1. I'd like the Karplus ³J(HN,Hα) series for the range 192-200: coefficients 6.51, -1.76, 1.60, θ = phi - 60°, whole numbers in Hz, and an x wherever there's a Gly or Pro.
2. What's the local net charge at V32, with K and R +1, D and E -1, over the other residues with C-beta under 13 Å away?
3. Which Cα, out of A206, A133, T176, lies furthest along the positive dipole direction of the range 132-237 (beta carbon charges, K/R +1, D/E -1)?
4. Determine the gain in length on full extension of the stretch S242-A206; use 0.36 nm per residue of separation and subtract their C-alpha separation, reporting nm with one decimal.
5. With +1 on the Cβ of every Lys and Arg and -1 on the Cβ of every Asp and Glu, and nothing else charged, how large is the dipole of the range 132-237 about its Cα centre, in debye rounded to the nearest 20?
6. Can you give me the long-range amide H partners of S192? Hydrogens built in the peptide plane at 1.01 Å from N, cutoff under 5 Å, separation of 5 or more residues or another chain.
7. Just in the range 163-216: which trypsin sites (Lys or Arg not before Pro) are loop by DSSP and have at most 16 other Cβ atoms within 10 Å?
8. Between the DSSP loop rule and a limit of at most 15 other Cβ atoms within 10 Å, which chymotrypsin sites (Phe, Trp or Tyr not before Pro) in the range 181-276 are left?
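We did not get these values from a lab; they are worked out from the coordinates using the rules stated. Please read these numbers as outputs of a predicted model, since none were measured by experiment. A quick note on method: Cβ atoms are made from the backbone with ideal geometry, for glycine too, and the neighbour counts reach across all protein chains shown.
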Amino acid sequence: MDHQSFTNLADVSLTLTSRVSSTETNKNNNLVISPLSLHAILSVIAAGSSGSTHEQLLTFLKANSSDELNQLCAELVSLVFADGSAVADEVVLDVNSWAKTKTNGLISDLLDPDSVDCNTNLIFANAIYFKGAWKRKFNASQTKEDDFYLLNGNSTKVPFMTNEYDQFIKVFICFTILRLPYKQGQDKRQFSMYLFLPDEKYGLPALMQKLSSEPGFLHNHLPLLVKRIPIAKLKIPKFKFSFGFEASNVLKGLGVELPFKAGGLTEMIDSSSSAIARKLYVSDIFQKSFIEINEEGTKAAAAS
């Protein structure tokens, strides 16, 4: 992925994350989403759109053409066809079984039983799965409970993992970023987890706003975490949770409205079925995501 494509993807991802966190959750909920998975779904829709709908999607995704998006998401996308007439239950089972397989069992109920009916013409689905072991694992015997502060003003006891290694860490104005590398896999790609900590105890909403409003934010900050710094002790929470939501209102709130109206998805099917194509529109976009962080590493998955 070239520099500009990465920057655009990161900017769109932060915009989506900020919007979901402000509209789809409350201060008592944990949130995990995959903007990349949503990006892939929107890229497929863009490829099958035309006219103003096509332009609206390209503008939101910060892309010059559908070909650019296809190159970015080619390995993520799978296509499921459904006529929806008499096999709705079977289609739901097939899609959920596919998602379960692709996420190694972490997500098994992407679609609810009533999400497919006789009006369903097409279903697009993608799945992402990640499993990584820390380059420097945490000692489980040192994991202790401590206070974790919630956005609602309360605190709760949760297990915190600890170590005293030098860390890739950088302090900025109002927040700190920590980079935790994973062991390199057989394909030689190198992955890291980046943790953002606001200075203020309840400063997460303000930090999210900052991340999503500054173009190129990740590109301008993440490359700076290249040197290990001695610290007294590192403590991060050990956790496991999932989250699901329907993304239509999120996207409409960000100005992506035309795909949800008939008439703009005329490139979805061949010209011999143009009458059907003119009636197509996006009815729902579902996503479910999962993440687990422990002393050994991370498991995460998402399906849309």
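1. 9, 9, 10, 10, 10, 10, x, 5, 7
2. It works out to a net charge of +1.
3. Toward the positive end, the furthest listed residue is A133.
4. 10.6 nm is the gain from fully extending S242 to A206.
5. 500 debye
6. Y182
7. Of the trypsin sites (Lys or Arg not before Pro), the ones in loops of the range 163-216 whose Cβ has at most 16 other Cβ atoms within 10 Å are K183, K188, R189, K201.
8. For chymotrypsin sites (Phe, Trp or Tyr not before Pro) across the range 181-276 that sit outside H, G, I, E and B with at most 15 neighbouring Cβ atoms in 10 Å, the list reads F191, Y202.
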